[in-house]
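Trainee: Following this message is one structure expressed as structure tokens.
The values are calculated or read from the model by the stated rules, or taken from the named source; none is laboratory data. Predicted model, so just to flag it, every value in this text is computed and none were measured. No Cβ is skipped: glycine too gets one built from the backbone with ideal geometry, and neighbour counts run over all protein chains shown.
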């Protein structure tokens, strides 16, 4: 088949969750089909360095701009807009999609996230797939539930209703919507009660061959949070941890240290309780030694959606994890067997200290977690599952037309 893949993130280098997901889905698709990739390229994207053996697409075109950055007027009117400002079309990308649709007879068009959905809808009489990373209606509903003030609840309620109506109208125009968790699938079906297409679960995964055991020797009393603070959910997680949990840990382990990975460009570091025990690594080309070299990986996430690739990476590398229930949401993990879960500060601190002080427990969790990711979350298996769904959509479309 000829497949047009529209990506919000150019997937090379695969250095954040969305780029990693796109990278591996493309690699699975290219093994059996011809691919045209049209993508935005911004931040750390390096399309000029994406050698043919890393992204094997027949055609690659990029628009060098950040679709998440819009003008002052657009940002000011965001609350009044009936649709998310970030989803407003960029003329240059519209031009690339229009040209591609004229030049190639595509069998399927795939939009990676709703940012690219508008462009996918330019295709007429071609089956369309929405490959979503986070279900934003569910996220908006959770933000509404967390508000305490009357004004905050009103603003969040309006945002939730706008997002719910927008997603319901948009998703209904796709033949297949893939979500990363069963929770996101259930939330999608709730807003699409009469939907005639398919909603399937394609979880995010980890490359178990690349993320292998023995990358580094763990250093005692070291913690790691492998997530960039530029993402709001990660920033909230570290603000929560540094303010309410880290001081409790240091009371009993004063020599403990924490490394936070990822870019801090544009981040309000003054809003974090940073001290000499906290190290900001900045962007690193290879995160594996940092994660594998820590005694414990922390995931104190309290908001957001999708699947936490940071947990899967740590598990594959043999680093035990302490996470909130929200942080581990969507993963088939069992508390005490693959991971330790804690939602309040005292319990989170206690469980982190328990792991730091108990080598046998760390080893048991690491062994079980590695087995879990090999069995259920390796990208090879997940990629094949995604390809199967895409092929089924094409077959259903051909049969319906004939």
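Trainee: Report the residue count in region 249-267 for those that are more than 14 Å from residue 223 (Cα to Cα) and in contact (Cβ under 8 Å) with a residue 12 or more places away in the chain.
Mentor: Total meeting the criteria: 7.
Trainee: Further, regarding this structure: In region 114-134, what residues are touching a helix residue (DSSP H, G or I) at 6+ places or on another chain (Cβ under 7 Å) and outside any strand (DSSP E or B)?
Mentor: The answer is 114, 115, 117, 118, 119, 122, 123, 127, 132, 133.
Trainee: Just to be sure, is residue 139 closer than 29 Å to residue 205 by Cα, in a helix (DSSP H, G or I) and in contact with a helix residue (DSSP H, G or I) (Cβ under 9 Å, 6 or more places away or on another chain)?
Mentor: yes
Trainee: Among 50, 74, 41, which is over 21 Å from residue 178 (Cβ atoms), in contact with a helix residue (DSSP H, G or I) (Cβ under 7 Å, 6 or more places away or on another chain), surrounded by 13 or more Cβ atoms within 10 Å (Cβ to Cβ) and at pLDDT below 90?
Mentor: 74
So that you can scan it fast, the table gives a plain yes or no per residue for (1) farther than 23 Å from residue 14 by Cα; (2) part of a loop (DSSP other than H, G, I, E, B):
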{"residue": "264", "(1), (2)": "no, yes"}
{"residue": "281", "(1), (2)": "no, no"}
{"residue": "290", "(1), (2)": "no, no"}
{"residue": "297", "(1), (2)": "no, no"}
{"residue": "333", "(1), (2)": "yes, yes"}
{"residue": "340", "(1), (2)": "yes, no"}
{"residue": "350", "(1), (2)": "yes, no"}
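Trainee: Hey, residue 229 hits all of (1) under 29 Å from residue 263 (Cβ atoms); (2) assigned to a loop (DSSP other than H, G, I, E, B); (3) not assigned by TED's automatic domain parsing to the domain that holds residue 352 but one; which does it fall short on?
Mentor: Unmet for residue 229, out of (1) under 29 Å from residue 263 (Cβ atoms); (2) assigned to a loop (DSSP other than H, G, I, E, B); (3) not assigned by TED's automatic domain parsing to the domain that holds residue 352: (3).
Trainee: Being within 24 Å of residue 353 (Cα to Cα), out of contact with any strand residue (DSSP E or B) (no Cβ under 9 Å at 6 or more places or on another chain) and either surrounded by fewer than 18 Cβ atoms within 10 Å (Cβ to Cβ) or at pLDDT 95 or above (or both): is that true of residue 193 here?
Mentor: Answer is no for this residue.
Trainee: Mind listing just one residue for me: the one in region 77-100 that is within 17 Å of residue 112 (Cα to Cα) and outside any helix (DSSP H, G or I) and, of those, modelled with the highest pLDDT?
Mentor: By that ranking, first place goes to 90.
Trainee: Sticking with this structure for a sec: State whether one or more residues within region 27-38 are at pLDDT 90 or above, out of contact with any helix residue (DSSP H, G or I) (no Cβ under 9 Å at 6 or more places or on another chain) and in a helix (DSSP H, G or I).
Mentor: yes
Trainee: Which residues, taken from region 9-25, are out of contact with any helix residue (DSSP H, G or I) (no Cβ under 8 Å at 6 or more places or on another chain) and closer than 18 Å to residue 48 by Cα?
Mentor: Scanning region 9-25 gives 15, 19, 22, 23.
Trainee: Moving on. Looking for something more than 21 Å from the chain's Cα centre (by Cα), modelled with pLDDT of 95 or more and surrounded by fewer than 18 Cβ atoms within 10 Å (Cβ to Cβ) - is there at least one such residue anywhere in region 111-121?
Mentor: Looking for residues that are more than 21 Å from the chain's Cα centre (by Cα), modelled with pLDDT of 95 or more and surrounded by fewer than 18 Cβ atoms within 10 Å (Cβ to Cβ), one finds at least one in region 111-121, hence yes.
Trainee: Just to be sure, is residue 45 within 23 Å of residue 266 (Cβ to Cβ) and touching a strand residue (DSSP E or B) at 6+ places or on another chain (Cβ under 6 Å)?
Mentor: It is false that residue 45 is within 23 Å of residue 266 (Cβ to Cβ) and touching a strand residue (DSSP E or B) at 6+ places or on another chain (Cβ under 6 Å).
Trainee: Would you pick out the residues in region 167-184 that are surrounded by 18 or more Cβ atoms within 10 Å (Cβ to Cβ) and in a helix (DSSP H, G or I)?
Mentor: Selection gives 167, 170, 171, 184.
Trainee: Which residues, taken from region 339-386, are crowded, with 18+ Cβ neighbours inside 10 Å and within 30 Å of residue 32 (Cβ to Cβ)?
Mentor: 370, 372, 373, 377, 378, 379, 382, 383, 386, listed by residue number.
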